[in-house]
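Chemist: One structure, pasted below without further comment.
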Amino acid sequence: MIKQNKSGLYNCPECDNPLTSEKEIKQGTVVECPACGTESEFITVKPPQLAPLEEEK
């Protein structure tokens, strides 16, 4: 899990690349890292935390 960085952005939990989203951030919002393609989900909003999505088996 990762938290908001100092510049107000979020970093990818896999490659640490800054992430942006044009969507409203709420619990369950999924964002994709443009650098590595990892999809991450906001698991909490207060405080904001991201976790990589796990593929269903």
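Taken together, the values in this text are just the output of simple stated rules run on the coordinates, not laboratory data. Predicted model, so just to flag it, every value in this text is computed and none were measured. Neighbour counts are summed over all protein chains in view; Cβ atoms, including those assigned to glycine, are modelled from backbone coordinates with ideal geometry.
Chemist: Taking a cut-off of 17 Å, what percent of all Cα-Cα pairs in the range 2-52 are separated by more than that? Please list the in-between numbers first.
Modeler: Numbers: 266 of 1275 pairs.
The calculated P(r) of the range 2-52 puts 21 percent of pairs beyond 17 Å.
Chemist: Put a dot 7 Å past each Cα toward the Cβ at Ile43 and Glu22; how far apart are the dots in nm?
Modeler: Taking the two extended label points, one gets 2.9 nm.
Chemist: Could I ask something else about it? Loop-only GluC sites (Glu not before Pro) in the range 9-57, please: DSSP not H, G, I, E or B, and at most 11 other Cβ atoms within 10 Å. Intermediate values should be presented prior to the final figure.
Modeler: Numbers: sites: Glu14, Glu22, Glu24, Glu32, Glu39, Glu41, Glu54, Glu55, Glu56; in loops: Glu14, Glu22, Glu24, Glu54, Glu55, Glu56.
Loop-located and lightly packed - Glu22, Glu24, Glu54, Glu55, Glu56.
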